[in-house]
1. Summing +1 for each Lys or Arg and -1 for each Asp or Glu, what net charge is found among the other residues whose Cβ lies under 11 Å from the Cβ of Ala71?
2. Going by average Cβ density within 10 Å per residue, which order do the peptides 75-83, 541-549 take, highest to lowest?
3. Of the peptides 550-561, 457-468, how do they stack up when ordered by the mean number of other Cβ atoms within 10 Å, highest first?
4. Once you place label points 7 Å from the Cα toward the Cβ at Val354 and Arg528, how far apart are they in nm?
5. Just to be sure I understand: if I project the alpha-carbon convex hull of the range 603-762 onto a plane and average over all orientations, what area do I get in nm²?
6. With each pseudo-label sitting 7 Å past Cα toward Cβ, what's the Ala495-Arg129 distance in nm, one decimal?
7. How much length is gained on full extension from Asp618 to Asp485, taking 0.36 nm per residue of separation minus their Cα-Cα distance?
8. What residues qualify as long-range amide H neighbours of Ala590, i.e. H under 5 Å apart, gap of 5 or more or another chain, H built at 1.01 Å from N?
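Derivation of every value follows stated rules applied to the coordinates shown; laboratory data play no part. Since this is a predicted model, take the numbers as computed values, not measurements. With ideal geometry, Cβ positions are generated from the backbone for all residues, glycine too; neighbour counts draw on all protein chains shown.
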Amino acid sequence: MSAQTPAVWPQGRGAPQAALAPGVAAALDDEAALAGSTRWRTLDDGKREGETLFAIEGIYCAACAGIIESALRVVPGVAQAEVNAASRRLQVRWDPLRVRLSTLVEAVQRAGYRALPAQREDAYAALRRQTRTALWRLFVAAFCMMQVMMLTLPVYVAAPGEIAPDLLALLRWATWMLTLPVMLFSAGPFFGGAWRALRQRRIGMDVPVAIGIAATFAAGTAVTFDPGGRFGAEPYLDSLTMFVTFLLAGRWLELRARARSTEALDALLLRMPDSVERLDADGVARPVATARLRVGDRIRVAAGQAFPGDGTLQEGRTQVDEAMLSGESRPLERAPGDAVIGGSLNLNAPVVVVLGALGDGTRYAQIVDLVSRALTERPALVRATDRIAGPFLWTVLALAAAAVAAWSVIDPPRALWVGVAVLIVTCPCALSLAAPAALLSAAGALARRGVLVQRLDAFETLARSDIACFDKTGTLTQDRLVLADVHWPDGADGAELKSRAASLAALSRHPLSVALAAALPAGRHAWREVAELPGQGIEATDASGRRWRLGAPGWAGVARTPTGRPTVCLAPLAAAGHEHGYARFEFDEALRADAPEALAALRDQGVALRLLSGDASDSVHALAAKVGIAEASGDASPQDKLDALARWQRDGHCVLMAGDGLNDAPVLARADVSFALAHGSALAQQRSDFIVLGSRLAEIPATRARAVHTMGIVRKNLLWAAMYNAVCVPLALVGWLPAWAAGAGMAGSSLLVVLNALRAGR
């Protein structure tokens, strides 16, 4: 939906209607308006396929995710539908020739949920609306609970016969009346969720809860109007309102906590502005939807607004915030001619930008694609717990039925209440949320640091890694050369030679010439008849008519020295030799500033370090000795690297690989877990599990430490969920756990798991 065509979504409290308003359907099916939430790809057979990310309103557990997936998979044209309950995100791959996006939204709504394109403001408005409605339900339940408990208290404290029968009946009728708003409004999500699950022939967490609430209210109603019947003398409506309140409180707090776990990822998805000012040929600015921009457009970006695409600053000076895109926390200066990145924020002043890339061609789009995968992916650990949740719920229903049957013989008035306690106390929600909440919280924290997670499964593998293998050039070293040493013969004027070399190097764009000119003070020499020979160097004539060469040692007439370093030489051309002396400049790769610190941190974590590189062995071993890596291999082909990794893996090691080049892609794919630096090749990034946007090596040990911490939290969550159910279910079966305590226990268990998971994001 574009900024000019706002959608109007149904605002009802119940399940949304299946049919969309015509205007909403048209907006959903407008490809230009969907640019922010849909990616298009061309398949091998030439057909187009859309991949759309939705935010889902009304989802609470893994069973809800299964209901939505089942509803979409039967729609013709849907290739894949995957829901992550923890992030409330749905990703759908669909064929635009067979199905429209509005049809997908209608299918989700028929299942009882609301789907909204995840990068539109409507999605965030829906989340705010859902949170506000949940708070209202909690308020009504809590208010009625207090009134019910106030009316019930005299019944509990009075001696038998102390309250007149007519007054006792009045108190019970008032209690029942105050319970009605709780049943009709506050408990609505539980009944709605149960109905949606049963309609899809599935079982979700809301099914046993709804059965327990309905059974308690039915029995309480019977006791209210027929005291002393088969359900006993106590209506337990105070317990009903109490555990509904506890469940709603837990669900609301859980909703808020889960929103926090993905707030960094959500913030990244909502960086692009809906509209900007485009300058026409006359320089007049007119507002235009971001989806309507084209490469080459001149736009004015206001202070505080995000750049809608990659481009070049044409007018104005400002500072930009690229923290969410590169992890660089400091504002960066930008002047005319500098590049700006789509999604970064303009901090200081309005500027004019010429757009160079939009949509899928921007760096922002690549990052958003990675974030979308993290929000919708369900790792193997999460899929395993989801598979357990279904059979667990069937077991709960069977146990509740068995408890009712057994207690009908032991103590008939208590039978129903014991069955209700069994239904309420069990908590597969904690089991289902134990892993995804922690993994998403950790992924959000890494996104704030400028590390993107491509595969949530990688957290578990990274925590187990015991060997860290690095490429050399571009990974441990910077992708540029620096001047390492200068030599000249005795008696030569070194300062004069360096001045000549600097001035001559400034005339060439060869990487070694650029590095030499940057390392030496600027020389002030006039050169004429300048000529550059590719692969050899540059030569020119000075003011006195002497011809000089700067380039390969042999071409300059200087004997080679076996240093193993890239070398250029400066020498005059003269029949009688170098009567004015010569200079030899040796270069080396610059070690990344944080490389020693990063390697030391990995070593402190008990990780063995390895260096694999295709560079010359002498250079590789020299660097390894410099940074303290004991095992290094040079002159390694991509196959040699694969063989080395396979050997370590056969020995039982879990290998972490970090690289950046095109030739690193195979070994990154073969490693158990891999890191790619942001400046590296696109293929290397596609094959890696983590991408370090700022190319900071220190983020690798920091990410591994967070993975260890996160997996510890996941294990604690799973252990807590198992222990909670193992203790509370037997207590409910033997009748030692009242319904209100069961509700408090279930809500508290889910909330504890989510709050514990948030620790992974600190």
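1. Details: positive: Arg73, Arg110, Arg196, Arg199, Arg202; negative: Glu69, Glu106.
In short, +3.
2. Details: 75-83: 17.3, 541-549: 14.0.
In descending order of packing, they fall as 75-83, 541-549.
3. Working: 550-561: 17.2, 457-468: 21.2.
Highest-to-lowest ranking by the protection proxy: 457-468, 550-561.
4. 3.7
5. Numbers: hull surface 51.4 nm².
Quarter of the Cα hull surface area: 12.9 nm².
6. Output for this residue pair reads 7.7 nm.
7. Working: separation 133, 0.36 × 133 = 47.88 nm, distance 1.71 nm.
This chain segment gains 46.2 nm when fully extended.
8. The list, which skips near neighbours in sequence, is Gln478, Arg480, Val482.
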